[in-house]
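This report concerns only the one structure given below.
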Amino acid sequence: MNPEEIVVLPELKAYIDPLTPDEHDALERSILDEGCRDALVLWGNVLVDGHNRFGICQKHGLPFQTIQNERFQNMEDIHLWMIDQHLGRRSVSDFQRGVLALRKREIIAERRAAAAAAVNAAKAESSAEAPWDGDTDPAVAQALANTPKVPDQALDTREALARAARLSAGQVKMIETIQEKAAPEVVAAVKAGELTLNAAAVVATLPLEEQQAVAAEGADSLKQAAKRVREAKKKPKADKPAATDDAQDAAPPASPEELQARVAELEAENERLRLQVKTLQELLAEQA
């Protein structure tokens, strides 16, 4: 394909964190010495994978190969493919792998919800019609055919996310905390390798303004802040004020009846989750 016909979409180019200057220089030296060995992946004219290689080849007037991926149906398919590709690469940091796994979970959850809604709507529409031949309701089959395919991986537990990202469950929890609570400056320090996941997750528990003020003083200040927070949490229990009689009276032990009611609530919640899992499994079986 003529290089001028290739379309570079900013959203795809920026979907994965860019290479560091050192990584980009190393890739450029490799391509200058050995040529562009890996083919660029396209969806029609859209460049999906190989943005750095494409830029380097364009800069030096070097040839390259392209390959079409015809399995993509929409931009979400491309995002899922890009995530899977980068989850398997050694050069991707632990933090970035965790972020990618969390992105994948969001896409899968949205697709499951869309499939369930489409199936429920199809069942409601076809309930008044005559019975069908065979095991599958044609309306349900058509609804599933018109919705994006749901990946087999649910990634609905921290353990599943950890396996997908090749991390520990504890690391995934830290990354979730950083994603939800950390100031952009703290996230930038993690991406730059200036702050560990553990330290960043600890700093993220501070108020946003305090995080930003500490980050403005540099990586060492962030590390010291993390140390102060850890030490504050390690204070002896004796330092804590003893519970007063009034406080004890305000929080009496739960009665047997209250405990039984709580058990019933948990059992009902467990049954609801079990039925939800069963429904999703049936949807996947029908989709397959």
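The values are calculated or read from the model by the stated rules, or taken from the named source; none is laboratory data. This structure is a prediction, so every number in the text was calculated from the model and none was measured. Cβ placement follows ideal geometry from the backbone for every residue including glycine, while neighbour counts extend to all protein chains displayed. Surface accessibility is based on the protein's heavy atoms, side chains included, excluding ligands, DNA and RNA. Shrake-Rupley method; radii C 1.70, N 1.55, O 1.52, S 1.80 Å.
Ordering of 198-208, 220-230 by packing is 198-208, 220-230, highest average first (other Cβ atoms within 10 Å, averaged per residue).
Treating the beta-carbon of each Lys and Arg as +1 and of each Asp and Glu as -1, no other charges, what is the dipole magnitude of the range 65-120 about its Cα centre, to the nearest 20 debye? The partial results should precede the final answer.
Working: 9 positive and 7 negative charges, 42 e Å.
Here the range 65-120 has a charge dipole of around 200 debye.
I'd like the carbon and sulfur percentage of the solvent accessible area for the range 184-223, probe radius 1.4 Å, heavy atoms only, ligands and nucleic acids excluded. It is 54 percent, rounded to a whole number.
Which links in K104/K223; K104/K235; K59/K181; K13/K59; K181/K233; K59/K149 stretch past 28 Å when you go from one Cα to the other?
Working: K104/K223 30 Å; K104/K235 39 Å; K59/K181 40 Å; K13/K59 17 Å; K181/K233 18 Å; K59/K149 38 Å.
In this structure, K104/K223; K104/K235; K59/K181; K59/K149 exceed 28 Å between Cα atoms.
The alpha carbon convex hull volume per residue for the range 1-108 rounds to 107 Å³. All C-alpha pair distances within the range 138-229, sorted into 5 Å bins from zero, spread as 2, 14, 20, 16, 10, 9, 8, 6, 5, 4, 3, 2, 0 percent across the bins.
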